[in-house]
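Accompanying notes for the structure given below.
The values are calculated or read from the model by the stated rules, or taken from the named source; none is laboratory data. Note that the structure is a prediction, hence the values are computed from the model and not measured. Cβ coordinates were reconstructed from backbone atoms using ideal geometry, including for glycine residues, and neighbour counts include every protein chain displayed.
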Amino acid sequence: MDFAGGIVIHTAAGFSALATAKYLGKRKMPAGEPESSPASLPLVALGAGLLWFGWFGFNAGGAYAADALAAYAFTNTMLAGSIAMLVWMFWEWRESGRASFSGVLVGAVAGLATITPASGYVEPMAALAIGALGATACYHAKHVQKALGIDDTLEVWRAHGVGGMTGAILIGVLASSHINKVEASVGQLGIQVLAVAIVAIYASVITLILLKILDAFGVLRVPDAIQMSGLDKAETGESAYHLWGMDRSLPK
């Protein structure tokens, strides 16, 4: 089985992103412009849908067979992603009085990342709990991110790092031997916590070493002026969007 890969993939990616964001520092943004605003919400929704569809193949495919285990992983993936959307919406509504479309989509991804390591080890009711707990942990991880001064524009640490770490640890609490050959216990919980800690520390240290090496041979950040104006023109010589009235080269 390849479900344990979720520990490595999501925890490693999340803590590598955390180390990178801390090393590079915050972006330079024009005054008054929000730090993270999607260029196109419809494209965000399309991307989230495609990502969710592909997630079924990733999780259910971890069984390496079209069998009951694959069916459990498929079902758990759907349930965790769905409940995570609702829980994320609840937290947003409680904090700001409204729920955003982009936030709901981020919540879904958080639920998918959280269930990934546990998808082949828990029953569907447990998957609902994991999705809800994962969305809660990922949502409130923004306070930790703010305290550390981290500018992670793609929220890799919150969604994948915190989510994957939460799901991996919850295997030790909710795993069922009726689904796979792992039973929830204090010993199993200790194994999960140790595995997550090792992967997180390893990923962070190796990432920092690689960043130091790359920084010694080149430039990891573009100049502030390019950050302020946008990377499209500077890096590729073209712009992703030409909207009427928003491009100075077009008549108004």
Of all residues in the range 143-192 being of a type in the set (Val, Ile, Thr) and under 30 Å from Arg27 (Cβ atoms), the one that is modelled with the lowest pLDDT: Thr153
Any chance Phe90 is surrounded by fewer than 23 Cβ atoms within 10 Å (Cβ to Cβ) and either in contact (Cβ under 8 Å) with a residue 24 or more places away in the chain or part of a loop (DSSP other than H, G, I, E, B) (or both): no
Identity of the residue in the range 5-45, out of contact with any helix residue (DSSP H, G or I) (no Cβ under 8 Å at 6 or more places or on another chain) and at pLDDT below 65, that ends up surrounded by the most Cβ atoms within 10 Å (Cβ to Cβ): Ser36
